[in-house]
Amino acid sequence: AFISVKERDKAAMVEPGQQLIALGFKLIATRGTAEVLRDAGLECAIVNKVLEGRPHIVDAMKNGEIQLVFNTTEGAEAIRDSFDLRRNALTHKIPYYTTVAGALAATLGIAALKAGDLEVRPLQSYFPDSL
């Protein structure tokens, strides 16, 4: 799973990172994000941003090394860099989440899938008092 997030989201990615590792994922991140994850005790490889030169994250995506992307951006340079990420995620059918809430929801969903805890229920069954 690749994680690269803007400064104010870095600490919030520790929890999804922990969950992903518990689910059997290996983490790879850009330098700044990897530093925060490593400081929190998570094993995390480092990959270049596209603008930092090859080999970079898009190369890893094209090589089939990435199955999940958590990426939040801020600023013109980061948005330009994330364009290649988004395009390649779409082309290679890699799930791509752009918010902390999305990252948390994705990890919870993956955990539920792996545990076999999913069942189809009508929405009304969650709110029986409102009928």
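The values are calculated or read from the model by the stated rules, or taken from the named source; none is laboratory data. The structure displayed is predicted, hence computed values, not measured ones. As a convention, Cβ positions derive from the backbone with ideal geometry for all residues, glycine included, and neighbour counts pool all protein chains shown. Accessible surface is based on the protein model in full, side chains and every heavy atom, while ligands, DNA and RNA are left aside. Shrake-Rupley method; radii C 1.70, N 1.55, O 1.52, S 1.80 Å.
Worth pointing out:
- Computed over segment 27-111, the P(r) tail beyond 21 angstrom holds 27 percent of alpha carbon pairs.
- Think of the chain as a dipole: +1 on every Lys or Arg Cβ, -1 on every Asp or Glu Cβ, centred on the Cα centre; then among Asn63, Leu42, Gln124, Asn63 lies furthest on the positive end.
- Carbon + sulfur, % of accessible area of the chain - ligands and nucleic acids excluded, 1.4 Å: 55
- For segment 1-114, the antiparallel share of DSSP beta bridges with both residues in that region comes to about 0%.
- Taken about its Cα centre, the chain carries a charge dipole of about 360 debye when Lys and Arg each add +1 at the Cβ and Asp and Glu each add -1 at the Cβ.
- Of the DSSP H helices in the chain, those whose Cα atoms cover at least 15 Å axially and whose Kyte score averages 0.5 or more: 100-115
- Taking a ≥ b ≥ c as the square roots of the eigenvalues of the alpha carbon gyration tensor, segment 19-72 is oblate, as a/c is not under 1.5 and a/b does not beat b/c.
- Annotation: per residue accessible area for the chain equals 61 Å², rounded to a whole number [probe 1.4 Å, protein chains only].
- Cross-link pairs exceeding 20 Å in C-alpha to C-alpha distance, out of Lys49/Lys114; Lys10/Lys114; Lys6/Lys49; Lys6/Lys114; Lys6/Lys62, comprise Lys49/Lys114; Lys10/Lys114; Lys6/Lys114; Lys6/Lys62.
- Rounded to whole Hz, the Karplus (6.51, -1.76, 1.60) HN-Hα couplings of segment 59-64, x for glycine and proline: 4, 4, 5, 5, 7, x
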